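In what follows, a single structure is set out as structure tokens and then discussed.
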Amino acid sequence: MALLDLPGDRGHGRALDQVAPEFALIADNARVAGQAEEEVDVARARDTHRLRVRASRTSDGLVLTFDDITRLVSAQRNAAWRDVARRIAHEIKNPLTPIQLSAERLQRKFRKDVPAADLEVFDRCTDTIVRQVGDIGRMVDEFSSFARMPAPKFAEQDAAELLRAGVFAQRVATPDISVELLEPIPEVVLLADGRMLAQALTNVLKNASEAVAARVAETPKPKGRITTELVVDAEGVTVTVEDNGLGLPAKDRDRLTEPYVTTREKGTGLGLAIVKRILEDHGGELILTDARRGRGARAILKFPTMAMIRNGSAPAAADTNVEVS
Ligand SMILES: Nc1ncnc2c1ncn2[C@@H]1O[C@H](COP(=O)(O)OP(=O)(O)O)[C@@H](O)[C@H]1O
Ligand SMILES: [Mg+2]
């Protein structure tokens, strides 16, 4: 009954239409045909469930039974998305390398013969091909890493080191944005898949830098800034990435971690879907919210205490490669 969000009296004595209007049609069908079965979306204050409802007519009324298939449907949808992503990635990736190589070859071979007056156009065209092909390649990589998503291989990971590496890479990628790592950085070891965590961090940092770049293009002040922080407390390990960029969109805000939800022209909408999946595989969660001060967004990557092997002062174990899975 919790599914239907019924009041205390459980709807006793009231008509079905009032208690659960979604079932009216299937009930009518069962009254006529004796039996009916249908999938029905039931939206209640807290969330929406998809139920498989069976109705049968008995001598003194109707019996309705329902199974909650919400998770099944979402798993099926996910599997379908993955399949599409995998195929698209494959089909697109193949021709990219020859396109890129051909453009570079044109540059090398014919640039010297191009009359000075046409040189600018020549360069612009070949550069555009090379650059756009690069963009497509990166998008496709995002597609395929979402589609592949292997099971994590757990080992001991130095969380501070992972964050330092991510921050460093982001500084190199976007020298105009100040990427900070708040001190003191606690030393903490997580039982995790290092490559996956690195990817989750990269995706979140990349989003932050893109939101910052878009905002700076609109209003150059204040200077673009991304602040990261690693915190260890009783609840576990938290990595926070806060930026002073555009801020999260108002529309579809709670759907941003779904695959293919994007507000960016060149976006795939897969970045956060990947981050969410990685965190869930580690028993953690991803929280997206507003920056604490001013315009901007804050992404919080939470890992449960369970994932934490030791922190700070605890002595280091001799064996650093504990494989669990
Ligand atoms: N730091 C951020 N600031 C503002 N918006 C963000 C931020 N991170 C994510 N978003 C929003 O979430 C959407 C989905 O992000 P993501 O899944 O990484 O896909 P993509 O980056 O390809 O658009 C983005 O299009 C953007 O609207
Ligand atoms: Mg992204």
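How big, on average over all directions, is the shadow cast by the Cα convex hull of the chain, in nm²?
Answer in nm², one decimal: 26.1.
For the chain, what relative contact order do you get, as a whole percent, if you take Cα pairs closer than 8 Å and at least 6 residues apart? Display every interim value, and only then the final one.
Numbers: 488 pairs, mean separation 42.4, N = 325.
Rounded, it is 13 percent for the chain.
To the nearest 500 deg cm²/dmol, what mean residue ellipticity at 222 nm is calculated for the chain from DSSP H runs of n ≥ 4 alone, each contributing -39,500 (n - 2.57), summed and divided by the residues?
-14500 deg cm²/dmol
Kindly rank 175-184, 207-216 from highest to lowest mean number of other beta carbons found within 10 Å of each residue.
Details: 175-184: 13.6, 207-216: 20.7.
Packing order, densest peptide first, comes out as 207-216, 175-184.
Please report, to two decimal places, log10 I(q)/I(0) for region 2-68 at q = 0.15, 0.20, 0.23, 0.24 Å⁻¹ as given by the Debye formula with identical point scatterers on the Cα atoms and no solvent.
For region 2-68, the Cα-only Debye profile gives -0.47, -0.82, -1.06, -1.13.
Work from the charge dipole of region 2-68 (Cβ charges, +1 for Lys and Arg, -1 for Asp and Glu, about the Cα centre) and give the residue of Ala36, Ile26, Ala15 farthest towards its positive end.
Ala15
Quote the charge dipole size of the chain about the Cα centre in Debye, to the nearest 20; the model charges only the Cβ of Lys and Arg (+1) and of Asp and Glu (-1). All intermediate terms of the calculation are to be shown ahead of the outcome.
Values: 46 positive and 49 negative charges, 168 e Å.
Charge dipole of the chain: 800 debye, to the nearest 20.
If each residue of separation counts as 0.36 nm, what is the full-extension length gain between Phe168 and Thr219 once their alpha-carbon separation is subtracted?
15.8 nm
Apply the Kirkwood formula to region 73-185: the hydrodynamic radius equals the inverse of the mean of 1/r over all pairs of different alpha-carbon atoms; give it in Å with one decimal. All intermediate terms of the calculation are to be shown ahead of the outcome.
Working: mean 1/r = 0.0549 Å⁻¹.
18.2 Å is the Kirkwood radius here.
For region 155-311, what is the convex hull volume of its Cα atoms per residue in Å³? Walk me through the numbers on the way to the answer.
Details: hull volume 17.0 nm³, N = 157.
Cα-based convex hull of region 155-311, divided per residue, equals 108 Å³.
Since every read-out is calculated from the coordinates, none of them should be taken as a lab result. Because the structure is predicted, anything quoted here is derived from the model rather than measured. Virtual Cβ from ideal backbone geometry, glycine too; neighbours counted across all protein chains shown.
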